Structure formats: structure tokens, C-alpha cells
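Here the structure is laid out as C-alpha cells; the discussion comes afterwards.
The values are calculated or read from the model by the stated rules, or taken from the named source; none is laboratory data. Bear in mind that the values here come from a model prediction, so they are computed numbers and not experimental data. Note: ideal-geometry Cβ built from the backbone for every residue, glycine included; neighbour counts use all protein chains shown. What goes into the accessible areas is simple: the full protein's heavy atoms, side chains included, and nothing from ligands, DNA or RNA. Shrake-Rupley method; radii C 1.70, N 1.55, O 1.52, S 1.80 Å.
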Amino acid sequence: MARVLRVARSSSLFSFGSRSYSAEASHVDVTKERNVQWVFLGCPGVGKGTYASRLSSLLGVPHIATGDLVRDALASSGPLSQQLSEIVNQGKLVSDEIIVNLLSNRLEAGEAKGESGFILDGFPRTMRQAEILGDVTNIDLVVNLKLPEEVLVDKCLGRRTCNQCGKGFNIAHINLKGENGKPGISMDPLLPPPQCMSKLITRADDTEEVVKARLRIYNETSQPLEEYYRSKGKLMEFDLPGGIPESWPRLLEALRLDDYEEKQSAAA
Ligand SMILES: Nc1ncnc2c1ncn2[C@@H]1O[C@H](COP(=O)(O)OP(=O)(O)O)[C@@H](O)[C@H]1O
């Protein structure tokens, strides 16, 4: 990207430097100039980060999770952290201007390292953010991951992170019975190795009350994005059939990447 997303505070104009390219919206048909520019949508706890990071490794494209950018800002105990902490711990959304600035700084750092393309996880979350992004660059594909809401709460409550290596795990054992013709969903826990066991932490916003607030806010503010991208022919809905072992191969198939992964692993 030639330049980066930059918030001009006074007029809230955004200039996003990128030579925009046309690229197939439905699969990885990357033009020679850049890698894919994808967005992952989905409720809190659905697994955006899990699958976005796997695709990031497979495609050699940076996985940019705005939730992580927010947590980094929180941890830096800079001027923003107090303000952010109150917002995040109530499950509310950070302001568009703050999140756009955090994203802009991340893109600038990536550009300096020669990064090309991105998989955005957690951005956009509002129509304003989607309009900003759409005004300045091409989004090739929007993957909308879906799970039944009752599974999401249990997944968020079971989410753990190793305080030392930063890896994510989940101690919940999900077993949702099928009903009304809908298949059941079962997910085994994603347990940590022994060396992480004693270092597991839970996110402050992964309490039942805050998770429900985040889900409500997602449905109110982020769900309209599904229609916004559907109307542009960019949306790919994906109902997760279960945990990673069942879902990952099916997601690759839906993205027409199943043979790509075979070729990559054969070449490795
Ligand atoms: N694009 C965004 N716009 C506004 N706030 C955001 C955005 N992305 C992340 N946040 C803030 O960071 C918090 C954590 O985000 P994330 O890790 O993506 O959580 P979730 O599991 O809810 O998707 C959100 O609850 C919100 O407060």
C-alpha cells in the first residue's frame, strides 16, 4: 500500500494510500501486484482470529486483528488505556476515530516491513468503518463466520490465553444437540500444553454479562455490514460445522484453497 489509512481529525477525511486493484471476489485470484485483501466478519467468539491466523500463515498475508490492537494499546498504559479499558470492559465499541488510527499505525508499520495484502479481523464493525475502508481500497472478499448464539457464549467463557506464549486455547466442551433439521455442533476443548497450563488468563471482557453485551452490540451495529457486503457481491457466509478439525478443511474448500494447501505443504 502506497500510503496508509490516516485520520484527518478536523474534517474526518480519511486518505488510504493503496493502488487499488481488481481481484476476483470469490476466490484467491490475486493480481500480480498484491496479495488478497479480505475481511473476516462474525460474532464475538465465533473464531475469526483462529481461522484468519491460519489463512494468514497459508497465504503469507498479515492477519490484522483490531481487538489485538486495542489490547496492545491497553497494555501500553498510554493516555488511551484508561479510556479504552472502560469501553472494552463494558463490551462497547471503541470510537471509529480511535480504531482507525490504531489500524492506520499498524498498516504503516506493515508497509514499512514490505507487507502486502491483509486479512482484517474485527474491522470494519460499523457502517462508517466499512464506508471508510470501501472509499480507499478494494476488499476482495468478506468471510462471515457463523455459529449458533448459545455456542458463542460458552466459547467466549471457555477462552483462555497463555500469559507467556500468547497462544489461545479453549477449555469449553461444546455439545449442541441438533433440532428442527439443523445439525448438532460439538467441539472438543482446545487444551494447552503442560507448560502453559499454569499461565492461563481469561480476558476481562469474557464474562457472561459482557459477552452478552458484545453479542447484542454486534447484532445492532455489525450485522448491517453483512447486507452491505452481500449487496456488493463480496460476502461469503460460512456456517462452522464444528471445531477446527471439521471446519478448517471445509473453509478451505469454500475458499477454493483446498488444493492450494496441499501444494503448499508438498512444497514445504
Ligand atoms: N473495529 C472495531 N471498532 C470498534 N471497537 C473495536 C473494533 N475492533 C475491536 N474493538 C474493541 O475491542 C474489543 C475486543 O475486540 P475483539 O478481540 O475483536 O473481540 P470479539 O471477540 O468481540 O470479536 C471489542 O469488544 C471492542 O471494544
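Which residue pairs have Cβ atoms under 7 Å apart, sit 6 or more places apart or on different chains, and have a first residue in the stretch 84-110 that is in contact (Cβ under 8 Å) with a residue 12 or more places away in the chain and closer than 13 Å to Gly122 by Cβ and a second that is open to solvent by 30 Å² or more (accessible area, probe 1.4 Å) and part of a loop (DSSP other than H, G, I, E, B)? As it stands, the answer is Leu93/Arg125, since those pairs meet every condition given.
Is it the case that Gln83 is within 16 Å of the ligand (Cβ to nearest atom), farther than 23 Å from Leu55 by Cα, open to solvent by 70 Å² or more (accessible area, probe 1.4 Å) and not aliphatic (A, V, I, L, M)? Explain how you work it out, then say what you get.
Working: within 16 Å of the ligand (Cβ to nearest atom): yes; farther than 23 Å from Leu55 by Cα: yes; open to solvent by 70 Å² or more (accessible area, probe 1.4 Å): yes; not aliphatic (A, V, I, L, M): yes.
Against the criterion (within 16 Å of the ligand (Cβ to nearest atom), farther than 23 Å from Leu55 by Cα, open to solvent by 70 Å² or more (accessible area, probe 1.4 Å) and not aliphatic (A, V, I, L, M)), Gln83 qualifies.
Listed conditions (1) modelled with pLDDT under 95; (2) within 20 Å of the chain's Cα centre (by Cα); (3) surrounded by fewer than 17 Cβ atoms within 10 Å (Cβ to Cβ) are all met by Val136, apart from (3).
Out of Ser231, Ser247, which single residue is buried (at least 16 other Cβ atoms within 10 Å of the Cβ) and among the polar types (S, T, N, Q)? Give the derivation first.
Details: Ser231 fails: buried (at least 16 other Cβ atoms within 10 Å of the Cβ).
The match here is Ser247.
For first residues located in the stretch 204-218 and in a helix (DSSP H, G or I), partners that are of a type in the set (A, V, I, L, M, F, W, C) and surrounded by fewer than 16 Cβ atoms within 10 Å (Cβ to Cβ) and lie 6+ apart or on another chain with Cβ distances below 9 Å form the pairs Val210/Ala204. Scanning the stretch 159-201 for residues that are of a type outside the set (A, V, I, L, M, F, W, C), open to solvent by 70 Å² or more (accessible area, probe 1.4 Å) and part of a loop (DSSP other than H, G, I, E, B) gives Asn163, Gln164, Lys167, His173, Lys177, Asn180, Gly181, Pro183, Asp188, Ser198.
Can you tell me which residue within the stretch 55-67, out of those that are open to solvent by 30 Å² or more (accessible area, probe 1.4 Å) and touching a residue at least 24 places away in the same chain (Cβ under 8 Å), is farthest from Asp258 (Cα to Cα)?
Among those residues, the one meeting the criterion is His63.
Among the residues in the stretch 34-49, are any within 15 Å of the ligand (Cβ to nearest atom), on the phi > 0 side of the Ramachandran plot and in a loop (DSSP other than H, G, I, E, B)? Yes, there is a match, as at least one residue in the stretch 34-49 is within 15 Å of the ligand (Cβ to nearest atom), on the phi > 0 side of the Ramachandran plot and in a loop (DSSP other than H, G, I, E, B).
Among the residues of the stretch 103-128, what is the count of those that are near the ligand (Cβ under 10 Å from one of its atoms) and buried (at least 22 other Cβ atoms within 10 Å of the Cβ)? Break it down into steps so the answer makes sense when it comes.
So the first thing to find is which residues in the stretch 103-128 are near the ligand (Cβ under 10 Å from one of its atoms), and the list is 103, 120-126, 128.
Next, from what is left, pick out any that are buried (at least 22 other Cβ atoms within 10 Å of the Cβ): 103, 120-124.
Total meeting the criteria: 6.
For the stretch 181-190, the condition holds for no residue, the condition being that it is within 27 Å of Ile217 (Cα to Cα) and within 15 Å of the ligand (Cβ to nearest atom). The residue of the stretch 34-46 that is nearest to Lys263 (Cα to Cα), among those that are open to solvent by less than 10 Å² (accessible area, probe 1.4 Å) and in contact with a Ser or Thr (Cβ under 8 Å, 6 or more places away or on another chain), is Gln37.
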